[in-house]
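The values are calculated or read from the model by the stated rules, or taken from the named source; none is laboratory data. Bear in mind the structure is a predicted one, so any value in this text is a computation, not a measurement. We place every Cβ from the backbone using ideal geometry, glycine too, and count neighbours over all the protein chains shown.
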Amino acid sequence: MGHPRLAVDGVIVIDGRLVTVVRGQPPFEGMHALPGGGVELGEAVEAAVAREVLEETGLRVAVERLVGVYSEPSRDPRGHTVSIAYALRVIGGALRAGSDASAVDLVDPNRLPPMAFDHAQIVSDFLAGRPRLR
């Protein structure tokens, strides 16, 4: 019997615009998503979100607060994945697409394009300002 995978997602707002990546790989290839990915063995989740955001967007970030924990078993078609989402602030770097992102985009967080996974819900919870634990 397997176990859920652990992932992290980052919510970053720059000048009122949400940083998204355009997925370069399935699932949801070509759709907007929050930057993030899997936590590596021996890695703290806060370090994982900073690493994933740097790899995918070129931005160095620091954690501001928890947005929520997302554990719905069907949220990722590849299998049961639990994600911890954080609100982040930029502390350095330059915005550019990297690793498995085909592009980075700044979008209006109140008028999202179609989002991969449950990332629209994560953004909604971020805008509401209270952590969601489900």
Notebook entry, point to check: Checking Arg130 against (1) under 21 Å from Val22 (Cβ atoms); (2) modelled with pLDDT under 95; (3) in a loop (DSSP other than H, G, I, E, B), which test does it fail?
Noted result: (1)
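Looking at Arg78, Arg89, which is the one that is of a type in the set (Lys, Arg) and within 30 Å of His3 (Cβ to Cβ)?
Working: Arg89 fails: within 30 Å of His3 (Cβ to Cβ).
Of the residues listed, the single one that is of a type in the set (Lys, Arg) and within 30 Å of His3 (Cβ to Cβ) is Arg78.
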Next item on the list: Please tell me if Arg65 is in a strand (DSSP E or B), modelled with pLDDT of 95 or more and closer than 20 Å to Arg130 by Cβ.
Entry: yes
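Return the total of residues in region 88-134 being surrounded by 12 or more Cβ atoms within 10 Å (Cβ to Cβ) and under 24 Å from Pro27 (Cα atoms).
Let us first name the residues in region 88-134 that are surrounded by 12 or more Cβ atoms within 10 Å (Cβ to Cβ), namely 88-90, 93, 95-107, 109, 112-113, 115-127, 131-132.
Still in the list and also under 24 Å from Pro27 (Cα atoms): 95-107, 109, 112-113, 115-126.
Of the residues in region 88-134, 28 are surrounded by 12 or more Cβ atoms within 10 Å (Cβ to Cβ) and under 24 Å from Pro27 (Cα atoms).
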Notebook entry, point to check: Mind checking whether some residue in region 13-34 is part of a loop (DSSP other than H, G, I, E, B) and buried (at least 18 other Cβ atoms within 10 Å of the Cβ)?
Noted result: yes
Next item on the list: Among the residues of region 1-36, write down those that are of a type in the set (Lys, Arg) and within 19 Å of Pro109 (Cα to Cα).
Entry: Arg17, Arg23
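Suppose the filter is touching a helix residue (DSSP H, G or I) at 6+ places or on another chain (Cβ under 8 Å), at pLDDT 95 or above and over 17 Å from Arg5 (Cα atoms); does Leu95 pass it?
Working: touching a helix residue (DSSP H, G or I) at 6+ places or on another chain (Cβ under 8 Å): yes; at pLDDT 95 or above: yes; over 17 Å from Arg5 (Cα atoms): yes.
So Leu95 fits the description; yes.
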